[in-house]
1. Among residues belonging to segment 70-123 that are of a type in the set (S, T, N, Q) and assigned to a loop (DSSP other than H, G, I, E, B), point out the one that is nearest to the chain's Cα centre (by Cα).
2. Anything in segment 34-51 that is touching a residue at least 12 places away in the same chain (Cβ under 8 Å) and either outside any strand (DSSP E or B) or surrounded by fewer than 17 Cβ atoms within 10 Å (Cβ to Cβ) (or both)? List them, or say none.
3. Out of the residues in segment 1-45 that are closer than 23 Å to A125 by Cα and among the hydrophobic types (A, V, I, L, M, F, W, C), state the one that is modelled with the lowest pLDDT.
4. So A162 passes all but one of these: (1) touching a Gly at 6+ places or on another chain (Cβ under 8 Å); (2) under 25 Å from P43 (Cβ atoms); (3) at pLDDT 90 or above. Which condition number does it fail?
5. Which residues, counting only those in segment 128-168, are more than 30 Å from L74 (Cβ to Cβ) and hydrophobic (A, V, I, L, M, F, W, C)?
6. When you scan segment 127-149, how many residues do you find that are within 17 Å of L64 (Cβ to Cβ) and either in contact with a Phe, Trp or Tyr (Cβ under 8 Å, 6 or more places away or on another chain) or of a type outside the set (D, E, K, R) (or both)?
7. Can you report the number of residues in segment 91-131 which are out of contact with any strand residue (DSSP E or B) (no Cβ under 8 Å at 6 or more places or on another chain) and among the acidic types (D, E)?
8. Out of everything in segment 99-120 that is among the charged types (D, E, K, R) and touching a helix residue (DSSP H, G or I) at 6+ places or on another chain (Cβ under 8 Å), what residue ends up being modelled with the lowest pLDDT?
Amino acid sequence: MIADGTNTGAPMTTTPIELRGIAIRSRSGAPMATMRSAPVTCPAGVQGDARGRPGKRQVTVLSLESWEAACAELGTLLPWTQRRANLLVSGMVFGPESVGQLLHFGSLTLEITRETDPCRRMDVACQGLQAALRPDWRGGVCCRVLSDGALEVGQQGRFAPAPAQGTLQLT
């Protein structure tokens, strides 16, 4: 779905998005450290992130628009890193239809695998944050890395449907 809430019901085309932030944690429970750039690989996810091992939750992505909606519900503006996601993007919001879709930044391709469920740590950051992130996939999405690439804050990317099974995609 496009950030303005538009959903025409027509087949999805690519949607431009912008990378607004990159963050990693050195170990589970460690504070999030922001970065201006980072390599992302299939074996390691975002370089330096403790959760980057291969799997359905290799990289987490948060929509700026969804984060702002959650903060507005709480009546406070919190740093996006309180969500503990790896990437912050603007230009779209996620929902159930996002599963299987692809995020492209240069040579990097991420496949959206599922919703990121807000955990109890959210209420440690701000009371009520966990509940504010539950509706409309505001907590973001989990992704697996399909192809390696480098990220830089401000980089333009695109959100696109996955190619249909058995089709050839030319680049």
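1. We begin by selecting, within segment 70-123, every residue of a type in the set (S, T, N, Q); these are 76, 81-82, 86, 90, 98, 101, 107, 109, 113, 116.
Then keep just the ones that are assigned to a loop (DSSP other than H, G, I, E, B); that gives 76, 86, 101, 107, 116.
Working: T76: 22, N86: 7, Q101: 12, S107: 17, T116: 9 Å.
Checked segment 70-123; the qualifying residue nearest to the chain's Cα centre (by Cα) is N86.
2. Within segment 34-51, the subset touching a residue at least 12 places away in the same chain (Cβ under 8 Å) is 34-42, 45-51.
Once the filter is applied, which keeps residues that are touching a residue at least 12 places away in the same chain (Cβ under 8 Å) and either outside any strand (DSSP E or B) or surrounded by fewer than 17 Cβ atoms within 10 Å (Cβ to Cβ) (or both), segment 34-51 yields T34, R36, S37, P39, C42, Q47, G48, D49, A50, R51.
3. Applying the first criterion (closer than 23 Å to A125 by Cα) to segment 1-45 yields 20-35.
Restricting the remaining residues to those that are among the hydrophobic types (A, V, I, L, M, F, W, C) gives 22-24, 30, 32-33, 35.
Numbers: I22: 98, A23: 98, I24: 98, A30: 92, M32: 95, A33: 97, M35: 97.
Restricting to residues being closer than 23 Å to A125 by Cα and among the hydrophobic types (A, V, I, L, M, F, W, C), the top hit is A30.
4. Result: A162 fails condition (3) only.
5. Those that are more than 30 Å from L74 (Cβ to Cβ) and hydrophobic (A, V, I, L, M, F, W, C): V145, L146, A150, A160, A162, A164, L168.
6. Our first condition is that a residue be within 17 Å of L64 (Cβ to Cβ); within segment 127-149, this holds for 129, 132-133, 135-141, 143.
This time we only want the ones that are either in contact with a Phe, Trp or Tyr (Cβ under 8 Å, 6 or more places away or on another chain) or of a type outside the set (D, E, K, R) (or both), so: 129, 132-133, 135, 137-141, 143.
Final tally of qualifying residues: 10.
7. 3
8. Here is the first cut: in segment 99-120, the residues among the charged types (D, E, K, R) are 111, 114-115, 117, 120.
Adding the requirement that they be touching a helix residue (DSSP H, G or I) at 6+ places or on another chain (Cβ under 8 Å) leaves 115, 120.
Numbers: E115: 97, R120: 85.
This residue is R120.
The values are calculated or read from the model by the stated rules, or taken from the named source; none is laboratory data. The model shown is predicted, which means the values in this text are computed figures rather than measured ones. No Cβ is skipped: glycine too gets one built from the backbone with ideal geometry, and neighbour counts run over all protein chains shown.
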